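J.: Take a look at this one; I'll ask things after.
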Amino acid sequence: MSFEFMTLLVYSPRGTSENAQFSRVLAGSCKNGETRFAQNVASKIVELNASSYFRNAALIPIPRSTPLVPGAVLPARVLAENLVNNNLGNIVYSCLRRVQPINKSSNYFSAQTRNTVPTHFDSLGIDPVLIAEPTLILIDDIFTLGRTAMASAMKLQTVFPDKEIKIFCPFRTRGMEDKNILISLETGLIDLSLDGNGVRLPD
């Protein structure tokens with residue numbers, strides 16, 4: 001089982017170069033749901049001629065690790081709405097929700113102790129909605145191990161088996177290297193690991 005993904009920026013959680021340090025500032029802006037960051041992401045996608053990735057698509061924000069409190073900001077939704085406002089996607093549907101809380105991935109330092117794909121999958125639910133677009137693009141902030149995105153895509157596939165499902169995150173984590181690179185448009189496929197607990201990513 002595999003799904004296509006796209007990322008735009010390199011996130012370096014421990015790098016010391018100028019761009020690595022700036023990536024952490026931008027990641028903070030992303031996680032805070034800052035509109036200016038979202039607008040800049042949309043503009044850069046257009047500038048890099050990557051708009052076709054979002055053609056004829058409905059954008060679906062990936063929820064946080066706990067059910068959303070009424071009135072709280074969902075950064076992924078802010079990003080999705082700004083993408084649509086820049087003609088990157090047709091419409092936003094917040095139909096994917098966290099029905100039971102799980103531990104935040106950022107609280108763990110190793111892949112072995114982070115939530116598995118089945119843990120994510122079982123904690124998610126989908127509100128009934130009719131979607132005309134042939135493509136569904138999941139929107140999240142930072143693409144690290146890909147387990148949240150994989151589980152979200154698998155959950156969508158159970159309800160929308162005839163749709164093409166893709167993923168977009170502004171950042172891809174490069175935790176073990178610091179090449180002083182910030183902008184790096186990447187696309188590829190994520191695959192479910194053989195044991196079903198994790199994800200295989202291209203280098």
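The values are calculated or read from the model by the stated rules, or taken from the named source; none is laboratory data. Keep in mind the model is a prediction, meaning the values are calculated, not measured. Here the Cβ positions follow ideal geometry from the backbone for every residue, glycine too, while neighbour counts run over all protein chains shown. Note: areas computed on protein heavy atoms with side chains; ligands, DNA, RNA excluded. Shrake-Rupley method; radii C 1.70, N 1.55, O 1.52, S 1.80 Å.
J.: How many residues does region 1-16 contain that are closer than 24 Å to Ala151 by Cα, open to solvent by 10 Å² or more (accessible area, probe 1.4 Å) and among the polar types (S, T, N, Q)?
T.: Total meeting the criteria: 1.
J.: Next question, about the same structure. For region 1-36, which positions are without any contact (Cβ under 8 Å) to a residue 24 or more places away in the chain and of a type in the set (Val, Ile, Thr)?
T.: Val25, the sole residue that qualifies.
J.: Please go through region 137-155 and pick out each residue that is in a strand (DSSP E or B) and modelled with pLDDT of 95 or more.
T.: Selection gives Ile137, Leu138, Ile139.
J.: Filter region 46-67 down to residues that are hydrophobic (A, V, I, L, M, F, W, C) and either touching a residue at least 60 places away in the same chain (Cβ under 8 Å) or not in a helix (DSSP H, G or I) (or both) and give me whichever is surrounded by the most Cβ atoms within 10 Å (Cβ to Cβ).
T.: Ile60
J.: Working carefully through the options Leu145, Leu156, find the one that is under 17 Å from Ala76 (Cα atoms), out of contact with any His (no Cβ under 9 Å at 6 or more places or on another chain) and surrounded by 14 or more Cβ atoms within 10 Å (Cβ to Cβ).
T.: The match here is Leu156.
J.: Could you tell me whether any residue of region 17-30 is surrounded by 13 or more Cβ atoms within 10 Å (Cβ to Cβ), closer than 27 Å to Leu156 by Cα and not charged (D, E, K, R)?
T.: So far as region 17-30 goes, yes, one or more of its residues are surrounded by 13 or more Cβ atoms within 10 Å (Cβ to Cβ), closer than 27 Å to Leu156 by Cα and not charged (D, E, K, R).
J.: Looking at (1) more than 15 Å from the chain's Cα centre (by Cα); (2) touching a residue at least 12 places away in the same chain (Cβ under 8 Å); (3) farther than 25 Å from Asn40 by Cα, find the lone condition where Pro161 falls short.
T.: With (1) more than 15 Å from the chain's Cα centre (by Cα); (2) touching a residue at least 12 places away in the same chain (Cβ under 8 Å); (3) farther than 25 Å from Asn40 by Cα applied to Pro161, the lone miss is (2).
J.: Of the conditions (1) over 30 Å from Leu48 (Cα atoms); (2) among the β-branched types (Val, Ile, Thr); (3) in a loop (DSSP other than H, G, I, E, B), Thr158 satisfies every one except a single condition; which number is it?
T.: (3)
J.: Out of (1) within 16 Å of Leu182 (Cβ to Cβ); (2) more than 15 Å from the chain's Cα centre (by Cα), what's the single condition that is false for Ala27?
T.: The one condition Ala27 does not meet is (2).
J.: Sticking with this structure for a sec: Sort out which residues of region 182-203 are under 29 Å from Ser17 (Cα atoms) and open to solvent by 80 Å² or more (accessible area, probe 1.4 Å), and write them in order of number.
T.: Ile183, Thr187, Leu189, Arg200, Asp203
J.: Right, here's the next one. In this structure, is Arg172 buried (at least 22 other Cβ atoms within 10 Å of the Cβ) and among the basic types (Lys, Arg)?
T.: Considered against the rule, which asks whether it is buried (at least 22 other Cβ atoms within 10 Å of the Cβ) and among the basic types (Lys, Arg), Arg172 comes out as no.
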